[in-house]
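*Asks:* Handing you this structure, nothing more for now.
The values are calculated or read from the model by the stated rules, or taken from the named source; none is laboratory data. Remember, it's a predicted structure, so these values are computed and weren't measured experimentally. Neighbour counts run over all protein chains shown; Cβ positions are idealised from the backbone, glycine included. Calculation scope for accessible area: heavy atoms of the full protein, side chains included, ligands and nucleic acids excluded. Shrake-Rupley method; radii C 1.70, N 1.55, O 1.52, S 1.80 Å.
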Amino acid sequence: MLTTCKVTGKLPLMSTDTTPLLRSPLHERHLALGAKFAAFGGWEMPLEYAGGGVLREHAAVREGAGVFDVSHLGKARVSGPGAADFVNSCLTNDLGRIAPGKAQYTLCCDDATGGVVDDLIAYLVGPDEVFLIPNAANTAEVVRRLVAAAPDGITVTGQHRDYAVLAVQGPQSAEIVKALGLPVEHEYMSFSTAVLDGVELIVCRTGYTGEHGYELVVPWDDATRVWDALVAAGVRPCGLGARDTLRTEMGYPLHGQELSLEITPVQARSGWAVGWSKPAFWGRDALLAEKAEGPRRALRGLELTGRGIPRGHMQVYAGDTLVGETTSGTFSPTKKVGIALALLDTAAGLAEGDLVEVDIRGRRTEAKIVKPPFVQTSVR
């Protein structure tokens, strides 16, 4: 069953063609748990579960622990002599800042425009190997661009359905993961290998919720064994509906909304993920020029002071002047107010604390410009 989410009100990146949707190796487990499904990035993924719903699943992650099946996320491996240096010459962030065993948030930008092809996590295995996790819908394009640029001796291998990814997130995640015999003491944005019930996997101190958490990269065919162990340990299964409200509360971007080929990292305030001093990366010249000139628009947080739930692509006004558009919007289950991310014109001279109005289905509702995150958490 495909449905929309009552809290998020949308299905980001829904498939618009007739291509059959791909399914996670855990699809039967989701069916047994009474999941409602949504099309997302070409995959049929659980939106929420029976007996839970977005609000309860959201609360489980903020207060305890939840597990997300995010096996739709892409996987690719770049290997060969100098693989790390090659990746570093393509993606925006500086792999030279981290050591093997560490992970890094980075961006794949278009070389001509600086627009974002995708945002992804790069896992530095060593100087000759980098493991990448892009977004589901963009994996093929990221791999295509890397293959086209790879010199002799460098191999780029798409492994989208070689591995599943299970994200255990929440303040109790370490306690639960440790009870299963897995390592939990490694630093934020690092990873290590381990074995659970005979399954060799990678335990990554990463996540997309703003809470302390772990992402388990598991061989595709072994995903059900690991999922069953987590559920038996008492972790609440959570769907993409709660994942969206959680990431929006943190102000985390979603490609296709806050980042795209039309939205650069300078506009999205993601310049912290750009190695500005690096001699080469895709989009370098365009982004340096935009940074020097100043972007024409910039991503801001909006917190409604009145009633209403904002969604993406709603107009934002300062007085009678149209100053921008929301990119994402939802009801914050933690703060109990409507929140949004919006691209606002820099020429309007707006600052944090200023009031604007969001046009919600023909009715303007007041909102205050704030700096995300909307809630305070303990991701580290």
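*Asks:* With D152, D197 as the choices, which residue is more than 19 Å from the chain's Cα centre (by Cα) and modelled with pLDDT under 95?
*Replies:* It is D197.
*Asks:* Can you name the residue in region 313-337 that is over 18 Å from A60 (Cα atoms) and assigned to a loop (DSSP other than H, G, I, E, B) and is also nearest to the chain's Cα centre (by Cα) among such residues?
*Replies:* By that ranking, first place goes to H313.
*Asks:* Right, something else. Find all pairs meeting these conditions: Cβ atoms under 8 angstrom apart; at least six residues apart or on different chains; first residue within region 350-378 and touching a residue at least 60 places away in the same chain (Cβ under 8 Å) and open to solvent by less than 60 Å² (accessible area, probe 1.4 Å); second residue assigned to a strand (DSSP E or B) and among the basic types (K, R).
*Replies:* Taking only residues 6 or more apart or on different chains, the pairs are I369/R300; V370/R300.
*Asks:* Just one of V125, V184, V142, V156 is in contact with a Ser or Thr (Cβ under 9 Å, 6 or more places away or on another chain) and touching a residue at least 60 places away in the same chain (Cβ under 8 Å); which is it?
*Replies:* Of V125, V184, V142, V156, the one residue that is in contact with a Ser or Thr (Cβ under 9 Å, 6 or more places away or on another chain) and touching a residue at least 60 places away in the same chain (Cβ under 8 Å) is V156.
*Asks:* Could you please let me know if V226 is under 22 Å from A35 (Cα atoms), assigned by the TED database to the domain that holds A167, open to solvent by 10 Å² or more (accessible area, probe 1.4 Å) and of a type in the set (A, V, I, L, M, F, W, C)?
*Replies:* On the way: under 22 Å from A35 (Cα atoms): yes; assigned by the TED database to the domain that holds A167: yes; open to solvent by 10 Å² or more (accessible area, probe 1.4 Å): no; of a type in the set (A, V, I, L, M, F, W, C): yes.
For V226, the condition - under 22 Å from A35 (Cα atoms), assigned by the TED database to the domain that holds A167, open to solvent by 10 Å² or more (accessible area, probe 1.4 Å) and of a type in the set (A, V, I, L, M, F, W, C) - is not met.
*Asks:* Do we find that V87 is closer than 20 Å to L254 by Cα and either of a type in the set (G, A, S) or out of contact with any Phe, Trp or Tyr (no Cβ under 6 Å at 6 or more places or on another chain) (or both) in this structure?
*Replies:* no
*Asks:* Return only the number of the condition from (1) out of contact with any Asp or Glu (no Cβ under 7 Å at 6 or more places or on another chain); (2) on the phi < 0 side of the Ramachandran plot; (3) not in a helix (DSSP H, G or I) that K368 does not satisfy.
*Replies:* (1)
*Asks:* A further question follows. Quick test for you: out of E325, E290, pick the one residue that is of a type in the set (D, E, K, R), open to solvent by less than 40 Å² (accessible area, probe 1.4 Å) and on the phi < 0 side of the Ramachandran plot.
*Replies:* On the way: E325 fails: open to solvent by less than 40 Å² (accessible area, probe 1.4 Å).
Exactly one residue qualifies, and that residue is E290.
*Asks:* Turning to a different aspect of this structure: Which pairs turn up if I take residues in region 219-233 that are at positive phi and without any contact (Cβ under 8 Å) to a residue 40 or more places away in the chain and look for partners that are of a type in the set (F, W, Y) and open to solvent by less than 50 Å² (accessible area, probe 1.4 Å) with beta carbon separation below 6 Å, at least 6 apart in sequence or on another chain?
*Replies:* As it stands, the answer is none, since no pair meets every condition given.
*Asks:* For residues in region 41-61 being modelled with pLDDT of 95 or more and farther than 20 Å from A232 by Cα, which is most open to solvent (accessible area, probe 1.4 Å)?
*Replies:* Checked region 41-61; the qualifying residue most open to solvent (accessible area, probe 1.4 Å) is L55.
*Asks:* Quick test of your reading of the structure: G338 fulfils all but one of (1) open to solvent by 40 Å² or more (accessible area, probe 1.4 Å); (2) free of Cβ contacts under 8 Å to residues at least 40 places away in the same chain; (3) within 30 Å of Q169 (Cα to Cα); (4) of a type outside the set (F, W, Y). Name the failing condition by number.
*Replies:* (1)
*Asks:* Could you please give the count of residues in region 143-160 that are in a loop (DSSP other than H, G, I, E, B) and open to solvent by 60 Å² or more (accessible area, probe 1.4 Å)?
*Replies:* Here the count works out to 2.
*Asks:* Which residue, of E44, E57, E63, is of a type outside the set (V, I, T), out of contact with any strand residue (DSSP E or B) (no Cβ under 8 Å at 6 or more places or on another chain) and in the same structural domain as T245 (by the TED database)?
*Replies:* Sole residue among the options that is of a type outside the set (V, I, T), out of contact with any strand residue (DSSP E or B) (no Cβ under 8 Å at 6 or more places or on another chain) and in the same structural domain as T245 (by the TED database): E63.
*Asks:* Run V116 past the list (1) more than 24 Å from G80 (Cα to Cα); (2) in the same structural domain as G42 (by the TED database); (3) under 19 Å from the mean Cα position of the chain (by Cα); (4) not basic (K, R) and report the number of the one that doesn't hold.
*Replies:* Answer for V116: the failing condition is (2).
*Asks:* Next up: Just need a number here: residues in region 276-311 that are under 27 Å from D359 (Cβ atoms) and either part of a strand (DSSP E or B) or of a type outside the set (S, T, N, Q) (or both).
*Replies:* Going through region 276-311 one residue at a time, the tally reaches 17.
*Asks:* Out of the residues in region 166-189 meeting the condition of being aliphatic (A, V, I, L, M) and touching a helix residue (DSSP H, G or I) at 6+ places or on another chain (Cβ under 9 Å), tell me which one is most open to solvent (accessible area, probe 1.4 Å).
*Replies:* Selected residue: L180.
*Asks:* Also: Please work out if L259 is crowded, with 21+ Cβ neighbours inside 10 Å and within 23 Å of K335 (Cα to Cα).
*Replies:* Values: crowded, with 21+ Cβ neighbours inside 10 Å: yes; within 23 Å of K335 (Cα to Cα): no.
Criteria not met by L259.
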